[in-house]
Amino acid sequence: MTIVDGRFERLWRFLVVELAAFPGRSNALLRNLLACTLVIILSMSLEVPLLALSLIMVFFVSQTNVVLTRMAGILFIVSATLAIGIAILLLKFTYGYPLLRILCASAVFLVSLFGMRATRLGPLFFVVAIVTIYVQSLVDLVAQPELLLRGCLWVWMAVVYPTLVTLLVNTLLLPQEPQQLLREAMRRQLAKVEACLFALEEGRAKIPVISATDVQQGVLGLHKLLKFASMRDAGYRAHEVQHLAVIICVSRLHAAAASLNGAVSDIEALAALRQDCAALAKAIEVDPIAALLLRSTALARPLMPPALEEMRDALRTLAVSEREIPASNTPVKEPLLASDAFSNPNYLFFALKTWLATLFCYVFYNAVDWPGIHTVMLTCVIIALPSLGASTQKGVLRIGGCLLGSALALLCMVFVIPGIDSLVGLLIMSLPVIGLGAWVAAGSERISYAGLQIMFCFALALLEQFGPTTNLTEIRDRLVGIILGVLVSTLVHALLWPESEGDSLRRRLSAILQSHAGLLRALASSASTQTLHESSLRSWGQLAECEAMLARVALEPGWQQGEHEELTLFTQTLLAKARQTLLLTGQLQRNRAALNAELPMSLRAWLDQHQAQLGAWLVSYAAHMLDPAVALDALPPFDPPIEEEPDGDAVLLELQELRRQFDSLPDWQSFETRTLAEQRS
């Protein structure tokens, strides 16, 4: 009962978060609605077939910013042209020979699936695989070669022209420029910092809370937006180092504000820092690399608590940094082919499993003479992902989205279609459903695919004809094809060479803790702020990847019962603890770097030694997690030298809190969420 209640609680929290994020999706919703409206008007007016395919291209191409949208649009145009060319070439030589046609199509299909896993051009090979399979279903439905060729060319047109419409809408009418998104993201984080400082300045007992998750998402989001802004704007590329310095400063301020959880008596420092943050936010809007005039640097004393000193040091570092130095390091381009492309058998096994599932479905729907369920083959390709958990997750989203989209199409077919006879009425009926799908698709990656399916199944049922339709069998066939494809693909991937991420989850967790230990052991006297920030960024990125892996692993077969459910809960607990301890470690190291000059030599030496011991203990905990037989030593004793130094007391309190968090880490050996301290007692 507890496990079931926990699932409902997590589901409820997830829905609350998704509903609360509605204002942030308004731009994406408007862009998709406008592009879909134009596509519906053009397709219905000019009688361009395959409107559902055209609408799905709008969702695929429309991304969070202009840079990604252009990349996706160019990729889909090139992929569709290449895929249609290969399909027509195959049909030219194999149309009258079914066995040869299937063998050649299978060869192209296998190569495409292998390229999806083994190269950086995965989306391109995915489109080639999808078009190859779709053309095979057209051969069975169209008896004349000329009509088949026309069908292939219409597929190309249905892909290319909505892509161009989407690019036009995203570029000219409602652009989401990454430069502006970056400025807005930095201003939002600075606004949170100002709110915390203002609440402390007024002496409020309750201040705005900045969680470790907020810090993680903030750091990763800013760096991702800077990458896109540099790709979009030559000015950002020329001053990327300077913009990176601004991002580091904002991230440090945001992380320092997350540790402000008590009363602060230094009202003057709070007011000065708040005004400096406001000045930085204004400079970000006008000129992010302009010189700053800071009030906090005029306070000739160490600020307490250390989080305030960290804020002042972040602002001071930004103000005095040399900003006209060009970037000295150029990014290393990733190779086109994976390093283990021909040595890792999983790539070939993945291609074979997906091909077998697709071939079985092709034989099945031809054997039972049910061409209406030809989407069963497309489903096998669409949900084919490296791990069982990822495939299951996408399959569940596909079924759920299809059920909702089909139900809405059924209601419209029964109650709305008989009363409309114009294009305006069609738009009034369709746009609310398309808007619902766009809203879901603009959400997190956990549910975005369901929004695409809602729109696609609705469009397949009602928008494929150039007039009113009352054919209920289309809805039935679509549901049967998708459900059957998900079942067949899941069974094949689970029984033949199953590729599970559950085995590598523990190793990924251990790697996170070892990276965390490296950050803890970085001596404050030798590690620069830039080095600490890069190490922290790397650790936050690893943590985010592990969280995404856990979401997929939890859906793998066998991870929903018994000890696997307990293991999932344990991993969630460990990730939450790792997020909190990573925030504390980064804060401790930055505060030490800011206050190191004021600390006595004996205290500095003890802190360096004790942090090294804590890092070694964390490495041993990571080894114990990989192999429970490895003995785990107790935490080193906490016996700092007695110093009459307020700054030292503040750093020691932070270190003591970090030790307490380490002691509250769960014990992997018991597969329970009991802490190490509880295990010892």
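No lab work stands behind these numbers, since they all come straight from the coordinates. As the structure is a computational prediction, the values presented were derived from the model and not from experiment. We place every Cβ from the backbone using ideal geometry, glycine too, and count neighbours over all the protein chains shown.
Extension gain for the segment Ala234 to Ala338, taken as residue separation times 0.36 nm less the Cα-Cα distance, is 34.4 nm to one decimal.
Note on region 36-84: Cα-Cα pairs beyond 17 Å make up 43% of the total pair count.
Assuming charge only on the beta carbon of Lys and Arg (+1) and of Asp and Glu (-1), the dipole of region 178-320 about its Cα centre is about 300 debye to the nearest 20.
Taking the three principal axes of the alpha carbon atoms in region 39-123, the coordinate ranges are 42, 37, 15 Å, sorted in descending order. For Leu121 and Ala191, the FRET efficiency from 1/(1 + (r/R0)^6), where r spans their Cβ atoms and R0 equals 45 Å, is about 0.65. Charged side chains reduced to their Cβ positions (Lys and Arg at +1, Asp and Glu at -1) give region 160-232 a dipole of some 140 debye around its Cα centre. If R0 is 22 Å, the Cβ-Cβ spacing of Asp663 and Asp639 corresponds to a FRET efficiency of close to 0.85. In terms of Cα atoms, the Rg and Dmax of region 363-499 work out to 16.1, 53 Å. Sorting the segments 446-456, 141-151, 616-626 by their residues' average number of neighbouring beta-carbon atoms within 10 angstrom, most packed first, yields 446-456, 616-626, 141-151. At q = 0.11, 0.13 Å⁻¹, what is the base-10 log of I(q)/I(0) for region 25-174 according to the Debye formula with one equal point scatterer per Cα and no solvent? Please give it to two decimals. Normalising to I(0) and taking log10 leaves -0.46, -0.63. Distances between placed amide hydrogens fall under 5 Å for Thr119 paired with Ala338, all partners being 5 or more residues away or on another chain. Put a dot 7 Å past the Cα of Leu495, heading toward its Cβ, do the same for Trp370, and the two dots end up 1.8 nm apart. The residues Arg478, Arg659, when put in order of fewest to most other Cβ atoms within 10 Å, stand as Arg659, Arg478.
Placing unit charges on the Cβ atoms of the charged side chains and taking the dipole of region 25-174 about its Cα centre, the candidate lying farthest along the positive direction among Leu53, Ser43, Ile74 is Ile74.
For region 178-320, pairs of C-alpha atoms spaced more than 24 angstrom apart make up 28 percent of the total.
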